[in-house]
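Colleague: What follows is a structure written as structure tokens; I'll ask about it next.
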Amino acid sequence: MDLKLHGQRVLITGGSKGIGLAIATSFAREGAVPIIVSRSAEALEQAALAVHKATGVVAQTIAADLGTSAGIDSLMALAGDVDILVNNAGAIPGGSLADVDDAKWRQAWELKLFGYINLVRAVLPSMERRGAGVIANIIGMAGAAPRNEYICGSTANAALMAFTQAVGAASPRRGVRVFGINPSPTRSDRMEGMLRAQAVKKLGDEGRWMELTAGLPFGRLTEPCEIADLTVFSCSPLSAYLSGTVINVDGGQMYATPQ
Ligand SMILES: NC(=O)c1ccc[n+]([C@@H]2O[C@H](COP(=O)([O-])OP(=O)(O)OC[C@H]3O[C@@H](n4cnc5c(N)ncnc54)[C@H](OP(=O)(O)O)[C@@H]3O)[C@@H](O)[C@H]2O)c1
């Protein structure tokens with residue numbers, strides 16, 4: 001299937017590892033040009049090498065801290081106009097209200113909530129002027145199925161779902177699509193760290209974290225490539241009517257009867 005993405009410039013935040021790197025690789029396989037962003041220039045260089053090895057495509061790299069306005073400004077100055085934006089960089093800590101103090105909460109939201117909003121604010125006007133463009137927000141199932149033990153992330157994700165639905169309901173009038181994808185627990189360094197912390201609390205041994213994935217649909221975590229391929233297809237012109245909505249990728253867990 002030709003996804004008609006050849007030569008498209010795709011800005012992917014948090015593209016140095018995990019879901020973001022998988023998205024960059026999947027876009028490159030379709031002949032698109034990924035522009036990957038994270039704080040670590042060294043990690044970006046490694047990621048670009050991995051994308052090149054897998055696909056032969058040379059990804060552009062930009063180091064910026066997207067939890068600050070200065071980082072977003074410098075990114076926009078270096079990236080220029082893009083055809084597709086994938087908002088993905090996020091690092092919200094797990095824990096309940098008692099675990100996440102005000103400073104941690106605000107710092108997490110600077111990146112995952114305000115970072116997403118401000119990047120959309122930065123790219124949407126030029127997309128609308130050109131009458132074309134796609135924005136995909138990688139959000140998270142906790143927005144649709146909130147969890148007390150991930151309270152800070154659940155609350156940010158619920159806000160991002162509303163933001164995505166509202167912006168993506170208006171943008172088609174100017175030729176732009178805005179939609180979201182809600183991954184459920186997906187294999188990545190970040191998810192492994194969160195499961196290790198839960199394993200300490202629930203099983204008294206962080207080394208037993210894999211046991212916590214056995215009850216998931218299909219008995220396993222989602223793979224990053226499964227989120228990546230869905231994102232790439234949804235950004236392609238083959239999904240031309242997709243906007244103002246958020247796709248839940250949870251294997252049906254939200255509606256499953258507890259075992
Ligand atoms: N994995 C899951 O189970 C899961 C489930 C639902 C939703 N999500 C969402 O999916 C997204 C990706 O998650 P992941 O698990 O793939 O995470 P990950 O493996 O930890 O990767 C996070 C990426 O974001 C970058 N990043 C972190 N802080 C940044 C900052 N201040 N400025 C710029 N870049 C920054 C990291 O690079 P540097 O550290 O070098 O900056 C890295 O490239 C997140 O928004 C997460 O909330 C993940």
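The values are calculated or read from the model by the stated rules, or taken from the named source; none is laboratory data. Please read these numbers as outputs of a predicted model, since none were measured by experiment. Cβ placement follows ideal geometry from the backbone for every residue including glycine, while neighbour counts extend to all protein chains displayed. Side chains are part of the model used for accessible areas, which takes the heavy atoms of the whole protein and leaves out ligands, DNA and RNA. Shrake-Rupley method; radii C 1.70, N 1.55, O 1.52, S 1.80 Å.
Colleague: Per the Debye formula with a single identical scatterer at each Cα and no solvent contribution, what log10 I(q)/I(0) holds for the range 118-179 at q = 0.23, 0.29 Å⁻¹?
Modeller: Log-scaled intensity ratios, in q order: -0.85, -1.13.
Colleague: Follow-up. About its Cα centre, what dipole magnitude does the chain give when the only charges are +1 on Lys and Arg Cβ and -1 on Asp and Glu Cβ, stated in debye to the nearest 20?
Modeller: Using only the charged Cβ atoms, the result is roughly 440 debye.
Colleague: Further question: Take the Cα atoms of the range 10-90, build their convex hull, and give its volume per residue in Å³.
Modeller: Cα-based convex hull of the range 10-90, divided per residue, equals 73 Å³.
Colleague: Evaluate the charge dipole of the range 52-113 about its Cα centre and quote only its size in Debye, nearest 20, assuming +1 on the Cβ of each Lys and Arg and -1 on the Cβ of each Asp and Glu.
Modeller: 220
Colleague: Tell me, what is the per residue accessible area of the chain in Å², probe radius 1.4 Å?
Modeller: 49
Colleague: Return a whole-number percent for the relative contact order of the chain, with Cα pairs under 8 Å and 6 or more residues apart as the contact set.
Modeller: 19
Colleague: Defining a contact as two alpha carbons under 8 Å apart and six or more residues distant in sequence, what relative contact order in percent does the range 44-172 show?
Modeller: 25
Colleague: Under 1.5 on a/c is rounded, so check that first for the range 62-182, then, if it is not, pick prolate when a/b is larger than b/c and oblate when it is not; a ≥ b ≥ c are the square roots of the alpha carbon gyration tensor eigenvalues.
Modeller: oblate
Colleague: Hey, got the Cα dimensions of the range 148-195 along the principal axes, in Å, largest first?
Modeller: 42, 21, 11
Colleague: Still on this structure, please answer the following. To the nearest whole percent, what portion of all C-alpha pairs in the range 1-147 is separated by more than 18 angstrom?
Modeller: Counting pairs separated by more than 18 Å, the tail of P(r) holds 57 percent.
Colleague: At 10 °C and 1.306 mPa s, what whole-number value in µm²/s does Stokes-Einstein give for the translational diffusion of the range 86-137, with Rh from the Kirkwood sum over Cα pairs?
Modeller: 127
Colleague: Report the rotationally averaged projected area of the range 133-248 based on its alpha-carbon convex hull, in square nanometres.
Modeller: Its Cα hull, projected and averaged over all orientations, spans 7.5 nm².
Colleague: Let me make sure I get this right: for the range 206-252, a, b and c are the square roots of the gyration tensor eigenvalues over alpha carbons, sorted descending. Under 1.5 in a/c it's rounded, otherwise prolate if a/b > b/c, else oblate. Which is it?
Modeller: It comes out prolate by the Cα gyration axes.
Colleague: Continuing with the same structure: What is the range 143-195's relative contact order, in percent, from Cα pairs under 8 angstrom and six or more apart in sequence?
Modeller: 24
Colleague: How many Å³ per residue does the convex hull of the Cα positions in the chain occupy?
Modeller: 130
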